[in-house]
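K.L.:
The structure follows.
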Amino acid sequence: MTTFTNNAGIGANATANDDALLDYDPNRLLDHLVDRLHLKNDAALARMLDVAPPVISKIRHFRLAIGASLLIRMHEVSDISIGNLRILMGDRRGKFRVAFSQNDVPGASLRAA
């Protein structure tokens with residue numbers, strides 16, 4: 001089986017040995033970004049991403065999910081595609097679903113709380 005590697009260092013043909021990529025683990029993504037950007041630590045990564053250092057810590061300890069805006073910022077600073085960032089993170093969803101509130105739905109009546 002021939003395997004090639006894309007610009008994020010991810011093999012194109014997944015095998016049974018790549019099962020670790022299928023588990024959600026934001027630490028793998030953060031570690032990859034630190035290595036790729038030649039940064040010293042998470043504080044330097046936070047500065048590159050323009051977020052407070054506690055945000056990185058909360059992500060590492062599974063208390064905060066990586067949101068869309070942070071994922072886009074990671075793409076901008078690393079030049080890794082959004083799809084490859086999601087693979088590194090272990091996000092296997094085919095689509096992103098947007099949760100609408102009642103106020104976001106067109107034609108919905110607005111009510112006072």
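The values are calculated or read from the model by the stated rules, or taken from the named source; none is laboratory data. What you see is a predicted model; the values in this text were computed from it and never measured. Neighbour counts are summed over all protein chains in view; Cβ atoms, including those assigned to glycine, are modelled from backbone coordinates with ideal geometry.
K.L.:
State which residue is surrounded by the fewest Cβ atoms within 10 Å (Cβ to Cβ) when the search covers only region 66-90 and only residues that are free of Cβ contacts under 8 Å to residues at least 24 places away in the same chain and within 18 Å of Arg28 (Cβ to Cβ).
P.N.:
Here is the first cut: in region 66-90, the residues free of Cβ contacts under 8 Å to residues at least 24 places away in the same chain are 67, 69-72, 75-76, 82-83, 86.
Among the residues that remain, those that are also within 18 Å of Arg28 (Cβ to Cβ) are: 67, 70-71, 75, 82-83, 86.
Values: Gly67: 11, Leu70: 18, Leu71: 17, His75: 15, Ile82: 13, Gly83: 13, Arg86: 16.
The qualifying residue surrounded by the fewest Cβ atoms within 10 Å (Cβ to Cβ) is Gly67.
K.L.:
So which residues in region 38-47 are touching a helix residue (DSSP H, G or I) at 6+ places or on another chain (Cβ under 6 Å) and either surrounded by fewer than 17 Cβ atoms within 10 Å (Cβ to Cβ) or among the basic types (Lys, Arg) (or both), if there are any at all?
P.N.:
Our first condition is that a residue be touching a helix residue (DSSP H, G or I) at 6+ places or on another chain (Cβ under 6 Å); within region 38-47, this holds for 39, 42-43, 45-46.
Within region 38-47, Leu39, Ala43 qualify.
K.L.:
Any residue in region 16-30 that is at pLDDT 95 or above and of a type in the set (A, V, I, L, M)?
P.N.:
Yes, region 16-30 contains at least one residue that is at pLDDT 95 or above and of a type in the set (A, V, I, L, M).
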